[in-house]
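Input: a single structure, listed below in structure tokens.
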């Protein structure tokens, strides 16, 4: 079997890397089209009618979810590719056959290829949501950031993420706080959030992510505002209204 493949993503390096990986793990597959946005992907889906479409969930419109809904009655099997795992359930409600988190590893793509081959053989495109959720959790745990490069006193250092008490946004940079020091990280808080294990690191404010292992206490004021006290420090961090539901049982 020589299935045809479409790759749609607005990141050119990712498109090239995914194509390379597909050629490596599934040489029989033929990438017949690539697209840098939803409009190009829509044309390719109509004209090429690929057996498999790797669609970025967040790309210039229409995005991957919209395309999956639009082409739900077609025969193309959908694999969503994204850095944002919160779209998982919505993705599978659009009849996706699998879900890949960026950055994509060859081993994880091999699992996807095996699943796709089985469906091509059996014509079974159904999805067990509970099973997929388990897969996503495994991916997140294996790919979560464990060490991070920081700047400190003019030097570049590699420190363990588990030792960071909290991250705070500062313009286009992020400041990481451990027990004794502050470190400058040359990335935005939003980009950093996608790389952290969300069981260990919670966003509590638009400009702050906290390591839950270092939350000493949560204090509720008379005006119903919440603040977090960080262990081994004098730091108290506000919890915005958007994220208060995380602390209802505290």
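The values are calculated or read from the model by the stated rules, or taken from the named source; none is laboratory data. None of the values given here were measured: they were computed from a predicted structure. Cβ: placed from backbone, ideal geometry, glycine included. Neighbour counts: every protein chain shown.
Computed quantities for the displayed model
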read-out: Residue match in segment 69-83 (condition: buried (at least 23 other Cβ atoms within 10 Å of the Cβ), modelled with pLDDT of 80 or more and assigned to a helix (DSSP H, G or I)); value: no
read-out: Pairs with Cβ under 6 Å, 6+ apart, first in segment 95-110 and farther than 20 Å from residue 68 by Cβ, second part of a helix (DSSP H, G or I); value: 106/21; 110/25
read-out: Residue match in segment 33-49 (condition: surrounded by 15 or more Cβ atoms within 10 Å (Cβ to Cβ), assigned to a strand (DSSP E or B) and more than 23 Å from the chain's Cα centre (by Cα)); value: yes
read-out: Any hit, segment 175-183, residues being at pLDDT 80 or above and either closer than 24 Å to residue 99 by Cβ or not assigned by TED's automatic domain parsing to the domain that holds residue 233 (or both); value: no
read-out: Selected residue (only one of 50, 27 is closer than 22 Å to residue 114 by Cα, outside the structural domain of residue 190 (by TED's automatic domain parsing) and free of Cβ contacts under 8 Å to residues at least 24 places away in the same chain); value: 27
read-out: Top-ranked residue in segment 7-32 [being part of a helix (DSSP H, G or I) and surrounded by 15 or more Cβ atoms within 10 Å (Cβ to Cβ); ranked as farthest from the chain's Cα centre (by Cα)]; value: 25
read-out: Every residue from segment 115-160 that is under 23 Å from the mean Cα position of the chain (by Cα), surrounded by 13 or more Cβ atoms within 10 Å (Cβ to Cβ) and modelled with pLDDT of 80 or more; value: 115, 116, 148, 150, 159
